[in-house]
Amino acid sequence: MTIDKFKYCNSLTSYSRFLTREVKIGDIPLGGSNPIRVQSMTTTDTMNTKATVEQAIRMIDAGSEYVRITAPSLNEAQNLKEIKQELLMRGYKTPLIADIHFTPNAAELAARIVEKVRINPGNYADRKKFENIEYTDDAYDAELERIRNRFTPLVKICKEYGTAMRIGTNHGSLSDRIMSRYGDTPLGMVESALEFVRICEDLGYYDIVLSMKASNPLVMVQAYRLLVHKMMETDRNYPLHLGVTEAGEGEDGRIKSAVGIGTLLEDGLGDTIRVSLTEDPEFEIPVARELVDRHTDRLNSKATHYQIKPFNHIPVNPFEYTKRISEPVLNIGGHNVPVVINGLTDIEDFTPADLVSVGYYYDSKTDKWNISDQACDYIYIGNGSLEFEIPGTLGIIVNHSIWRNHPDREKWYPLYFIDDYLNSEHHSKTLNFIFVDYSGYSKQEIRKIAKDKTVVFVAMSQSPFQISSNRSLLFELMNENYKMPIIIISAGNSHSLLYVATDCGSLLLDGLGDGIWMPTNSINANQRNSTAFGILQATRTRISKTEYISCPSCGRTLFDLQETTAKIRSRTDHLKGVKIAIMGCIVNGPGEMADADYGYVGTGIGKITLYRGKNVVKRSIEADLAVDALIDLIKEDGIWLEKA
Ligand code: SF4
């Protein structure tokens, strides 16, 4: 079928769910018009039936609709039977999913026991040794034939037993064969899954779910979009399991997940989600539920949409990142990193202490400002009053009626609505902010305003569908070739940090937006600040802290991941821009840590192997010496800094 080269969802301008085929998974079907399902994975040793059952029950009670359990070998696959029976005895019929890497025989056994198996096409009967092998077409085809022979028994078993299958590609664990032909790309991820899909289809098996996970939300979003594009081209509609792998813990993990998963859900993609946090699995469920609930409302038409005209020309490539070109105004737009603006309109008379929450600490002894790595660039104080000397890196935005009384005050800038701006004779000579809402401007107005090269637009939407209305505004301005910088303001009515992360992050992933504005709301100023910087970090548009890629852990995990991650974080969280992966096992970890600078990987009980990029540098060190060894390694590379 011929479809538009950039098409990946039903509509960019009105919410519409991509209709997938229904796949039966026990009593809880997935895809089609079924609700978007929430799931998670156990972290216990699969051979420990009691611990696994108890953890599964905690997950189910928290709302997990499927429970995934690792089955690294035949023993664990066999023990799934015990786990299933015990759960049934305790009254839990929740479908179980066996997670398989490298072991076809375990998959073939598990497929006879549980409702679904998950295989990774990067390592199911394929090689992952980080070798660069040149394949001729014939050699490539011969490899595919070998994989077909190895994979066919599992497909036949699934067909016979009515077991569903997820073909789950992970960026970073693509096979050497796929890497040699497609590189480490979204296209490689998609092709890796489709090769296995074609084998299933040749055998008349269609109970397939697909996933394209990555720890980098940008790669993840592009891969899922490309997958749907390719499915649309070939008349396929398999359900999608969405997830950002190794998202980490706490706020960072939640923001990364909301940016990746939320972005796709907003475009109507996704039939089940798993939020992967380095926390106990039951804590993943409320996060997943909050992301899904927004769409339940959308599907039930509780949320109404702006009327937006579809576009003839889409000015961004959804499969490749390109930043929108803008002409800089002071430090906003052009080649500047996106700015952060924090709304502090709930304070009337400011003192220096009020700026601590946005990253500025005044030391009265030295009469100096200490500026953190996450200090915002501007604060918006509305009609407030601020009478002390501000730090040199901070700008103040005030309502234009206040600004008129201080037009020459250094680093004070006015904010207007379009009408106010056009009707006023008083404008800043350096920087003017103007709110623009997709539904509330005319082309003539924009034409007049665009002559002023000091203008920065603030894309503001009252629609519950912020992404489509703000994106449409940006598309229109791009199609008219306007180059003013544009800041994305998260909705005043959005009190969920997850929704803010989705609404701002989604546009940034498409190269749209020169900054984030967090308005005053029920979330405190400090959290708003860290969320804004977290979104910029998750979209890799502005790096302000260390990046942690930590696996959620599972039955293969060889050390206490949560405790170790906390320990590593406490020693390294000042190393801005350094990416550290903390992975539970050697089998999967090195493959899945993707683009980390350093890897800390469990190799055996009490043993850790350290990586620099993809290369082993210290093998099997004692766990209690490993964090120090990691820090020594960073020091050897000359990028260590002592904590301030
Ligand atoms: S990397 Fe972590 S989550 Fe993945 S298989 Fe290993 S221990 Fe399990």
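Cβ crowding within 10 Å, taken as a proxy for footprinting-reagent exposure, orders F433, F311 from fewest neighbours to most as F311, F433. For the chain, the 222 nm mean residue ellipticity estimated from helices alone, with every DSSP H stretch of n ≥ 4 adding -39500 (n - 2.57) and the total spread over all residues, rounds to -10500 deg cm²/dmol. Describe numerically, in nm with one decimal, the distance between label points set 7 Å from Cα along Cα→Cβ at E622 and at S385. Label-label distance for E622 and S385, simple model: 6.5 nm. Over all projection directions, the Cα-based convex hull of segment 320-378 averages an area of 6.0 nm². In the chain, what % of DSSP beta bridges are antiparallel (nearest 5)? That works out to approximately 20 percent antiparallel. Dipole magnitude for segment 547-636: computed about the Cα centre from +1 point charges on Lys and Arg Cβ and -1 point charges on Asp and Glu Cβ, it is near 160 debye. Between segment 504-529 and segment 151-173, how far is it from one alpha carbon centroid to the other, in angstrom? So the two Cα centres are separated by 40 Å. State, as an integer percentage, the relative contact order of the chain based on alpha-carbon contacts under 8 Å between residues 6 or more apart. Reported relative contact order: 13 percent.
Ordered by the count of other Cβ atoms within 10 Å of each Cβ, fewest first, K567, K365, K116 give K365, K567, K116.
Charge tally for E290 (other residues, Cβ to Cβ under 12 Å; Lys, Arg +1; Asp, Glu -1): 0.
Length gained on full extension, D560 to K50: 181.7 nm, using 0.36 nm per residue less the C-alpha separation.
Between E134 and I3, the FRET efficiency estimated from the beta carbon spacing at R0 = 25 angstrom works out to 0.15. Would you kindly give the portion of the calculated P(r) for the chain that falls above 36 Å, as a percent of all Cα pairs? Every Cα pair in the chain considered, those over 36 Å come to 41 percent.
Charges were assigned to the Cβ only: +1 to each Lys and Arg, -1 to each Asp and Glu. The resulting dipole of the chain about its Cα centre is roughly 1040 debye. Obtain the nm distance between the two label points defined at E327 and N75 by a simple spin-label model: each point lies 7 Å from its Cα along the Cα-to-C-beta direction. Output for this residue pair reads 6.9 nm. With just the Cα atoms defining each centre, how far is segment 31-48 from segment 566-588? Give it in Å. A separation of 26 Å, based on Cα centres.
Counting neighbouring Cβ atoms within 10 Å and putting the fewest first, the residues R177, R58, R404 line up as R404, R58, R177. Placing a label point 7 Å from the Cα of I605 along the Cα-to-Cβ direction, the residues of segment 546-566 whose backbone N falls under 17 Å of that point are 555-561. Of all DSSP bridge pairs formed entirely within segment 339-538, close to 10 percent run antiparallel. Protection proxy ranking of 183-196, 208-221, by the mean of other Cβ atoms within 10 Å over each peptide's residues and highest first, is 208-221, 183-196. The alpha carbon centroids of segment 288-353 and segment 183-261 are separated by 24 Å.
We did not get these values from a lab; they are worked out from the coordinates using the rules stated. Predicted model only: the values in this text are computed from it and were never measured. A quick note on method: Cβ atoms are made from the backbone with ideal geometry, for glycine too, and the neighbour counts reach across all protein chains shown.
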